[in-house]
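Colleague: I'd like to ask you about the structure that follows.
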Amino acid sequence: MSEPAGAAFDHELVMAEIREEVARRRAAGDFPPSLERELDLAFDRYVPAGSVSSDFREAIRAADRAAYINVAVPTESQKPGVGEVKRVLRKAMAWYLNYLAQQTTAFATASVRAMRSLGERLELAEGQLADLTPALDDAADRPAVAPDLSPWNDLCLGLLPTRGRVLHAECGEGDLLRVLVEAGVDAYGVEPRGPLVDRAAAGGLEAWPDDPLAHLGAVADGYLAGLVLSGCVDRLALPRQRRLIELAAAKLAPGAPLVIIATDPQSWSTAVPALESDLAPGRPLHGSTWAHLLGRSRFDDLNVSDGADTAAVTARRSG
Amino acid sequence: MRATAVHQVVPSLVRWDAIGNHSLQVQSVLRDMGMESDIYVNDVGPEYASKARPYDQYRPQPGAWLLYQASTGSRLASWFAQRPEPKLVNYHNVTPPQFFERWEPRLADEMADGRRQISKLAGSVRHGIAVSRYNEQELVDFGYRSTSTSPLMVDMSSFEHEPDPATSSWFDRLRQDGGADLLFHGRIVPNKAQHDLVKVLVAYRRLFDPNARLHLTGGASSGSYHFALRRFIGTQALWDAVDMAGSVSGQELTAYFRAADVYVSMSEHEGFGAPLLEAMHNGVPIVAYASSAVPETVGDAALLLPGKDPVLAAAAIHRVRTDPVLREELVASGRRRLAQLGLSNTRRSMREALTRALGEAG
């Protein structure tokens, strides 16, 4: 069965105009990203415990919320008379439901208490472990210098789509972000270092002060049409680098491209300020190592391009 | 051996079910081709009892082939796999289990089993006919060596109902308050992503139309997702703005479609998407997230969204609502697309696919 011959209207043009409207609305602050995130979080509260993220505390909180069995069954109805019938039934069955609910709630509360206790012990153990390998990833401890990504502008422009939202984390002062936006990519950035993100925002770019991991954790699954990771990839300790890949796989739409711009480990000490390199909890990975880790996750179409001090690893989220 | 009969093996044949109706059309096409063709089922609704036989009543005959309508995990799949007759599969898609893992682990296991069954059939099936190119690609990924695509056969006259008067007058009363009526029809399940429609409604009401309403028709197949959706609607104080109608009759559904201003889909997985055709049939413009088989089903008869950004979807709905020329073009495109997917064309397409399958494989 053939597709319709020729669209009756210019879909691309209409969508471009709609995107302009969206950009105007966003710039005017009519629907701030924080509201989108609040919506995501509001729904995630009801996703079965432990399935949205691997965050143990959040899982416990979700279990805690679910432990209370509410016998006040909603009785609203848009059909005439049905609400009244429901109210009568609720009242008539209250003695029975209360008896069951009290026991179920008691069991659930005791279970959550046991899990919380277990969690506290685990947290203590993790804290002691962390003391053995001190990590320092506080934005305030790092100098406000962003790496030069300009050698990879063309690669990013060739790969990233002009449809859908594209995130650059960390975007620094927004040099690459500006190149993308000017090319028609609906790109925004996050950057944890205040002075840098202020300069990006002052330049008219949509840049938010946020930690890449935290930001990606709050983005809806499959939301992103493209993702560029730089800066953070060089500094994070290995478990968090792997977490970054997991989040990228979850948040990118199927087929969406990922670009990782990673500092060459051999030039780490020269390409990155000594203060940053000395204090970083992790060390940069070779491009081929990123490709290996991505290949073990939900990415394919892997490619590594080596530059002077940095390497760009490109991949696509599997369909 | 040349085929003289192609009997269908259908897990479930019930009224109002798109795949059941498709199976009856396939039977008619096969009979037009001069084939003997019966339908063997596991479950059958009372209204179709005379049109099908229990699968354990099947008796082998020379020159007979079997065609399996694959849309779900079923014990019939293993029975079908053991049969010595030459085999064909008509693939409608089984929802990938990851959509259900967090919500309904048991259903997710069933879906994984269903997909495994279809994958395992690849070695013994001579040809797979998919109802969309998206589904055909899945068959290829499962390892099917010979495949083709022929769209779902939908009798558009099945959409013809007089709108339910009570529902229509209810809409009349709603409209007195102003505001757009957005509609989505489909089961309340995670892959249909009705929660994203609620997010779109929040954005649309905030940015463009504070009185807008969302109507969700279709029963729930996931209790936990349904529960979460209801709670989510409650947190947004949208009880008066979101109508969760549940299962509705054909007449009631027609009333919903006739009253809708825009049909909106944020579904993340559709093997074909029959309700999109119903929207076109009722002249309702479509705004849809371009996932899975949705783009090929709608052709150019929808504003297709590249992502699930609620603000983008809200702006697209607003554009459709406020641009009468665009609206008319979308509706007209819908009519053209429906004509392309009309029974005469899809029956011809199925006949070609079956001829190829029987000739190539035979």
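Colleague: Please go through the range A:216-226 and pick out each residue that is at pLDDT 85 or above and part of a helix (DSSP H, G or I). Show your work before the answer.
Modeller: Pass one, the range A:216-226, residues at pLDDT 85 or above: A:216, A:222-226.
A:L216, the sole residue that qualifies.
Colleague: Which ones in the range B:40-64 are within 19 Å of B:L88 (Cα to Cα) and in a loop (DSSP other than H, G, I, E, B)?
Modeller: Answer for the range B:40-64, where residues must be within 19 Å of B:L88 (Cα to Cα) and in a loop (DSSP other than H, G, I, E, B): B:A52, B:Y58, B:R59, B:P60, B:Q61, B:P62, B:G63.
Colleague: Look at B:R31 and say whether it is modelled with pLDDT of 95 or more and surrounded by fewer than 20 Cβ atoms within 10 Å (Cβ to Cβ). Spell out the reasoning first.
Modeller: Numbers: modelled with pLDDT of 95 or more: yes; surrounded by fewer than 20 Cβ atoms within 10 Å (Cβ to Cβ): yes.
Yes, satisfied.
Colleague: Pick from the range B:340-349 the residues that are assigned to a helix (DSSP H, G or I) and at the interface with chain A (Cβ under 10 Å from one of its Cβ atoms): which of them is nearest to the chain's Cα centre (by Cα)? Explain how you work it out, then say what you get.
Modeller: Kept after step one, since they are assigned to a helix (DSSP H, G or I), are these residues of the range B:340-349: B:340, B:343-349.
Among the residues that remain, those that are also at the interface with chain A (Cβ under 10 Å from one of its Cβ atoms) are: B:340, B:345-346, B:348-349.
Details: B:Q340: 17, B:N345: 18, B:T346: 16, B:R348: 21, B:S349: 19 Å.
Ranking the candidates gives B:T346 first.
Colleague: Out of the residues in the range B:303-322 that are more than 15 Å from B:V198 (Cα to Cα) and more than 9 Å from every other protein chain (Cβ to nearest Cβ), which is surrounded by the fewest Cβ atoms within 10 Å (Cβ to Cβ)?
Modeller: My answer is B:T322.
Colleague: Looking only at residues in the range B:1-17 that are under 18 Å from B:P151 (Cα atoms) and crowded, with 22+ Cβ neighbours inside 10 Å, which one is farthest from the chain's Cα centre (by Cα)?
Modeller: B:Q8
Colleague: Quick check: is even one residue across the range B:257-264 surrounded by 24 or more Cβ atoms within 10 Å (Cβ to Cβ), within 24 Å of B:V131 (Cα to Cα) and more than 10 Å from chain A (Cβ to nearest Cβ)?
Modeller: Yes, some residue in the range B:257-264 is surrounded by 24 or more Cβ atoms within 10 Å (Cβ to Cβ), within 24 Å of B:V131 (Cα to Cα) and more than 10 Å from chain A (Cβ to nearest Cβ).
Colleague: Cβ contacts < 9 Å: first residue closer than 16 Å to A:T289 by Cβ and in contact (Cβ under 8 Å) with a residue 12 or more places away in the chain, restricted to the range A:233-251; second residue acidic (D, E) and surrounded by fewer than 22 Cβ atoms within 10 Å (Cβ to Cβ), any location; separation 6+ or different chain. Result?
Modeller: A:D234/A:E276; A:R235/A:D137; A:R235/A:E276; A:L236/A:D137; A:A237/A:D137; A:R240/A:D137
Colleague: Can you tell me which residues in the range B:256-275 are assigned to a helix (DSSP H, G or I) and either among the charged types (D, E, K, R) or touching an Asp or Glu at 6+ places or on another chain (Cβ under 8 Å) (or both)? Talk me through it step by step, then tell me what you get.
Modeller: Here is the first cut: in the range B:256-275, the ones assigned to a helix (DSSP H, G or I) are B:256-259, B:274-275.
Listed by number, the residues that qualify are B:F257, B:R258, B:A259.
Colleague: Can you tell me how many residues within the range B:279-292 are more than 20 Å from B:A315 (Cβ to Cβ) and surrounded by fewer than 24 Cβ atoms within 10 Å (Cβ to Cβ)?
Modeller: Of the residues in the range B:279-292, 3 are more than 20 Å from B:A315 (Cβ to Cβ) and surrounded by fewer than 24 Cβ atoms within 10 Å (Cβ to Cβ).
Colleague: Identify all residues within the range B:323-336 that are at the interface with another protein chain (Cβ under 7 Å from one of its Cβ atoms) and under 10 Å from B:L303 (Cα atoms); write none if there are none. Full working, then the answer.
Modeller: Pass one, the range B:323-336, residues at the interface with another protein chain (Cβ under 7 Å from one of its Cβ atoms): B:326, B:329, B:332-333, B:336.
Across the range B:323-336, the qualifying residue is only B:L326.
Colleague: Please count how many residues of the range B:192-220 are within 8 Å of chain A (Cβ to nearest Cβ) and farther than 22 Å from B:R319 by Cβ.
Modeller: Number satisfying all stated conditions: 1.
Colleague: One residue is enough: does the range A:224-245 have a residue meeting the conditions within 14 Å of chain B (Cβ to nearest Cβ) and of a type in the set (D, E, K, R)?
Modeller: To start, the set of residues in the range A:224-245 that are within 14 Å of chain B (Cβ to nearest Cβ) comprises A:224-227.
Restricting the remaining residues to those that are of a type in the set (D, E, K, R) gives none.
So far as the range A:224-245 goes, no, none of its residues is within 14 Å of chain B (Cβ to nearest Cβ) and of a type in the set (D, E, K, R).
Colleague: Within the bounds of the range B:254-267, is there any residue that is within 23 Å of the chain's Cα centre (by Cα), of a type in the set (D, E, K, R) and over 25 Å from A:V14 (Cα atoms)?
Modeller: Pass one, the range B:254-267, residues within 23 Å of the chain's Cα centre (by Cα): B:254-267.
From what's left, of a type in the set (D, E, K, R): B:258, B:261.
Imposing the further condition that a residue be over 25 Å from A:V14 (Cα atoms) reduces the set to B:258.
Yes.
Colleague: While we're here: Residues that are outside the structural domain of B:M33 (by TED's automatic domain parsing), surrounded by fewer than 19 Cβ atoms within 10 Å (Cβ to Cβ) and touching a residue at least 24 places away in the same chain (Cβ under 8 Å), at least 2 per element: which strands (runs of 3 or more DSSP E) completely within the range B:65-182 meet that?
Modeller: Numbers: elements: B:87-91, B:125-130, B:147-149.
Counting at least 2 such residues, we get no strands (runs of 3 or more DSSP E) at all.
Colleague: Right, B:G219: more than 22 Å from A:R24 (Cα to Cα), in the same structural domain as B:I286 (by TED's automatic domain parsing) and touching a Lys or Arg at 6+ places or on another chain (Cβ under 7 Å) or not? Write out each step before concluding.
Modeller: Numbers: more than 22 Å from A:R24 (Cα to Cα): yes; in the same structural domain as B:I286 (by TED's automatic domain parsing): yes; touching a Lys or Arg at 6+ places or on another chain (Cβ under 7 Å): yes.
Judged against the criteria, B:G219 is a match.
Colleague: Of the residues B:G223, B:G271, B:G246, only one is surrounded by fewer than 17 Cβ atoms within 10 Å (Cβ to Cβ), closer than 19 Å to B:N191 by Cβ and either touching a residue at least 40 places away in the same chain (Cβ under 8 Å) or away from every other protein chain (no Cβ under 14 Å) (or both); which?
Modeller: B:G223
Colleague: Oh, and also: All but one of (1) more than 18 Å from the chain's Cα centre (by Cα); (2) in a strand (DSSP E or B) hold for A:T289; which doesn't?
Modeller: Only one criterion is unmet by A:T289, namely (2).
Colleague: Return the residues of the range A:21-37 that are in a helix (DSSP H, G or I) and either surrounded by 15 or more Cβ atoms within 10 Å (Cβ to Cβ) or within 9 Å of chain B (Cβ to nearest Cβ) (or both); say none if nothing qualifies. Write out each step before concluding.
Modeller: Start the filter on the range A:21-37 by keeping residues that are in a helix (DSSP H, G or I), which leaves A:21-27, A:33-37.
Passing the criteria: A:E21, A:V22, A:A23, A:R25, A:R26, A:P33, A:L35, A:E36, A:R37.
Colleague: Cβ-Cβ distance below 6 Å, separation of 6 or more or different chains: which pairs start in the range B:282-294 with a residue that is assigned to a loop (DSSP other than H, G, I, E, B) and end on one that is among the hydroxyl-bearing types (S, T, Y)?
Modeller: The qualifying pairs are B:V284/B:Y263; B:S292/B:Y134; B:A293/B:S132; B:A293/B:Y134.
Colleague: Separate question: May I ask you to say which residue of A:V82, A:V88 is modelled with pLDDT under 90 and either over 30 Å from A:I60 (Cβ atoms) or among the polar types (S, T, N, Q) (or both)? Before you say what the answer is, go through the steps one by one.
Modeller: Details: A:V88 fails: modelled with pLDDT under 90.
Of the residues listed, the single one that is modelled with pLDDT under 90 and either over 30 Å from A:I60 (Cβ atoms) or among the polar types (S, T, N, Q) (or both) is A:V82.
Colleague: I would also like to ask the following. Among the candidates A:L229, A:L213, which residue alone is closer than 22 Å to A:V313 by Cα, assigned to a helix (DSSP H, G or I) and of a type outside the set (S, T, N, Q)? I'd like the intermediate steps shown before the answer.
Modeller: Values: A:L229 fails: assigned to a helix (DSSP H, G or I).
None of the other options fit; the residue is A:L213.
Colleague: Can you find a residue that is touching a strand residue (DSSP E or B) at 6+ places or on another chain (Cβ under 7 Å), under 19 Å from A:G319 (Cα atoms) and more than 14 Å from chain A (Cβ to nearest Cβ) anywhere in the range B:131-140?
Modeller: yes
Colleague: Are any of the residues in the range B:329-349 surrounded by fewer than 22 Cβ atoms within 10 Å (Cβ to Cβ), farther than 28 Å from B:T147 by Cα and polar (S, T, N, Q)?
Modeller: Scanning the range B:329-349 turns up no residue that is surrounded by fewer than 22 Cβ atoms within 10 Å (Cβ to Cβ), farther than 28 Å from B:T147 by Cα and polar (S, T, N, Q).
The values are calculated or read from the model by the stated rules, or taken from the named source; none is laboratory data. The structure displayed is predicted, hence computed values, not measured ones. Methodologically, a virtual Cβ is constructed for each residue, glycine included, from the backbone with ideal geometry; neighbour enumeration extends over all protein chains shown.
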